[in-house]
Structures are given as structure tokens and as C-alpha cells.
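Since the structure comes first, as C-alpha cells, the remarks are kept for the end.
No value in this document is a laboratory result; all are computed from the given coordinates. Quick caveat, the model's predicted, so the values are computed rather than measured. Every residue, glycine as well, gets a Cβ built from its backbone with ideal geometry; the counts of neighbours run over all protein chains shown.
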Amino acid sequence: MPLPYVLLSAAVSLDGYLDDTGPDRLLLSGPADFDRVDAVRASADAILVGAGTIRADNPRLLVNSAERRADRVARGEPEYPLKVTVTATGDLDPDAKFWHTGGDKIVYTTDQGAERAARRLGRSADVVPLGPDLDWRALLEHLHDVRGVGRLMVEGGGTVHTQLLHQGLADELQLVLAPLFVGDPAAPRLFGPGAYQPGRLRLLDTRRIEDVVLMRYVPTAPGTGAVATAADRHWLRTACELAALCPPSETAFSVGAVVVAADGTELARGHSREGADPVVHAEEAALAKIGADDARLAGATVYSSLEPCARRASRPAPCAELILGAGVRRVVTAWREPDTFVAGADGTGVLAAGGARVVVLPELEEQAKAPNAHLL
């Protein structure tokens, strides 16, 4: 199911703390960064914090700039983003500022916590039970499908950030590093222990803002099963962007492909009709750049904007067979091949028969189709 783009936002001390243990909130950044955060909030459809953050910090979570609020309204959006919190128990303070400022509010909780939350809050917020336990994927699907949230900003706390990263649901991390130390083991940290995805995150951008540094990261390690992760969506978007680079053709699709190792290392990329070869396919072009004896292929994922072909006239082996021959056993694609050139094309069936798993992300189908509009 499609999910919102999930952006984690946090500021930490040099030793990784979100706050100290004093009675007042520790201000880790200054006016310029607070204004940047305000702009990020204004760009979001919803802002989420855990119930613990509401209890500890009593935040309002508003877009403070009147100009940015006016721009939202001019775009046909609510003046304020939807405000979201998560609680397993429903233990919420009805007097917190969160409920009495801004626009609409929604509480995600368990079946057990729903009655308590509804009794405490009355009509201050919509209360949505997720089942016997908190289910982050179900929460995100509900936000996307029912509340129309395409971009979700998550402002904490550490437990929420940790859980979203553990489950591969965070698309981006915006981290501000403040030039001070906390040094108190009782103070809250940004990230807790647990099973994070392997490999290194990719640094997109760094920026100095007064005396703090903003760093933007995206996860890169592919998923391992039938459920797509944020990194899978990142790489498939990259493949769709590559498709736009293809020389146009009236007799073949424009497709982009990326091959990514299990640790998130990009092994190769390619696109249809790349270089001087007028009939090369995207997956073929990418795989040709990797040594056949590269052991990383066995754990790699191929991202292709269009389902790999099962039959073709221009080469002895179709791309589905090339992928299997390379040892790759996971493919993520946005779009099943239509009958435009090959009737009954079924690259997914060829891949599955060869032991590969195919994951389809239909939310990126329109982006994959865009360079092929003249053929459709």
C-alpha cells in the first residue's frame, strides 16, 4: 500500500542527546534553525510526535509564519498541517497545548487505549485504534489513504524515531548537530538500541546554520522481503528518474534500472538505449557494468521502472533471464509491462519461476509511465 513520505527531524547534542534532565527544555539550536523547521512544517501535510513528547515538552507544533500559512491556504491546503500523536495507553493530558492550537488532530492508539483517549479528549481529536498493538505501517497507510497525507514530518521523540528506522519506514532523516555536550546518562537520547537496517545512510546535504550543522540522510539498504521499505522507494524513484534520460523511441519503452547491494551500495545503473547501443535495455545496461563474479549480486536488488522483459527480439536473452543468470533474487518495479509490443508479457512470472521475489510499487507507476506517454 502507498505510504506518506516520512521525514524524521531532530536536533541533538554532540554526544547524541535530545535534552537534559532540567525542568526546562534544552534549546539545542537558534532562531535561524527554528525558522527552517517552521518552513519544513509548512511543507508537510501532517506533523507527528509521540505522546511522551507531548507530556515532556508540551509543544504546540504550529506553523508560526503567517506568510507560510497564507501560502498553504493559497495552495488549497489547511492553514495548519494535521497534528498526529501515538500512544499505546491513551494516557493523554487534555490540557496540553497540542490540543488547543492549530487545526485538526488525530490520535493513533491500541484497542485498549482508544476508550481512555476518547474519554479524556472528547471532541479535541479523532481517535483511531490500530488493534491490540501499535502498528506503524497500518498508521501510515491510514494517514495516506484516509487523511490524504503525502508528506509526514516526525518531530520525536527518540522512541518514535527509533521504531520508524527499525521498521524501514523513514524516508529521510534531517539531523541538526548542536555544539554542546549533555553527558547525563538519565537524559533522553535520539536513538535507542535495536536492529537497524544494515549499511551506511547516504548523505544528501549539509548546511551550516549559525553555530549548528544540518545534515540530511536517506537510508539505502534494500528490503529483504515482499514488503517495501523506504530505501526501496528511494531506489525505485531513482530508476524512474533514469527512465527520463532515455532517447525517445516509437518502438520501445524508456526504462531506468539500478542494482543495489544488500548493504545499500549502488553497484550500477543504466537506462534504455544508453550510449551507442540503440536496443540495449536498462537492466541489461546496468548488469553489464558489474563483474559476473561479484559476490554481492547474490544479495542484491534490481530496481527497474518497468517490469523486466520476458521475451525480446533484439537480444538472445530477455532481462528477466539476465537477472536470474546474474544471481539476483529480488526485483522491485513500478509498472507491469503492457501488451504494447509483446502480448502477454510476464517477466514477473519468469523471475518467480526462477526463485526471485518481485515487489511492485504502484504508487510510482505514473512516474514510470511519464517518459512513455507517447506510447500509451
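Overview of results
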{"read-out": "Highest to lowest packing among 180-186, 142-148, scored as the average C-beta count within 10 Å", "value": "142-148, 180-186"}
{"read-out": "Partner lysines for LYS105 [C-alpha distance under 16 Å; skip if fewer than 8 residues away on the same chain]", "value": "LYS83, LYS97"}
{"read-out": "Two-site FRET efficiency, ALA56 against ARG137, from Cβ-Cβ distance with R₀ of 25 Å, rounded to 0.05", "value": "0.45"}
{"read-out": "Sum of side-chain charges, LEU92 neighbourhood, beta-carbon under 12 Å (Lys, Arg +1; Asp, Glu -1)", "value": "+2"}
{"read-out": "Choice from GLY264, GLY325, GLY90 with maximal GNM fluctuation in the chain (Cα, 10 Å cutoff)", "value": "GLY325"}
{"read-out": "Shape call, the chain: gyration tensor on alpha carbons, a/c limit 1.5", "value": "prolate"}
{"read-out": "Theoretical ellipticity at 222 nm over the chain - DSSP helices of four or more residues, -39500 (n - 2.57) apiece, nearest 500", "value": "-7500 deg cm²/dmol"}
{"read-out": "Whole-Hz couplings from phi, Karplus 6.51/-1.76/1.60, listed for segment 248-258; x for Gly and Pro", "value": "x, 9, 9, 10, 7, 6, 9, 9, x, 8, 9"}
{"read-out": "Lys, Arg +1 and Asp, Glu -1 on Cβ, resulting dipole of the chain about Cα centre, debye, nearest 20", "value": "160 debye"}
{"read-out": "Check: segment 230-375 dipole with +1 on Lys, Arg Cβ and -1 on Asp, Glu Cβ, in debye", "value": "160 debye"}
{"read-out": "Cross-link partners of LYS369 among lysines (Cα-Cα below 26 Å; sequence separation of 8 or more within a chain)", "value": "LYS289"}
{"read-out": "Two-site label geometry, GLU363 and LEU375: point separation in nm, points 7 Å out along Cα→Cβ", "value": "2.6 nm"}
{"read-out": "ARG207-GLU266 pseudo-label distance in nm [points 7 Å out on the Cα-to-Cβ vector]", "value": "2.2 nm"}
{"read-out": "Rounded to whole Hz, the Karplus (6.51, -1.76, 1.60) HN-Hα couplings of segment 284-294, x for glycine and proline", "value": "4, 5, 5, 5, 5, 8, 10, x, 4, 9, 5"}
{"read-out": "Sequence ranges 68-77, 245-254, 295-304, ranked by mean other-Cβ count within 10 angstrom, highest first", "value": "295-304, 245-254, 68-77"}
{"read-out": "Gain upon complete extension [ASP24, MET1; 0.36 nm per residue less C-alpha separation]", "value": "4.2 nm"}
{"read-out": "Beta bridges by DSSP in segment 1-154, antiparallel share as percent, to the nearest 5", "value": "0 percent"}
{"read-out": "Ranked packing of 368-374, 332-338, most packed first, by mean Cβ within 10 Å", "value": "332-338, 368-374"}
{"read-out": "In order through segment 267-278: 3J(HN,Hα) via Karplus (6.51 cos²θ - 1.76 cosθ + 1.60), integer Hz, x for Gly, Pro", "value": "8, 5, 9, x, 8, 4, 6, 5, x, 9, 9, x"}
{"read-out": "Gained length - ALA70 relative to ASP38, 0.36 nm times residue gap less alpha-carbon distance", "value": "10.2 nm"}
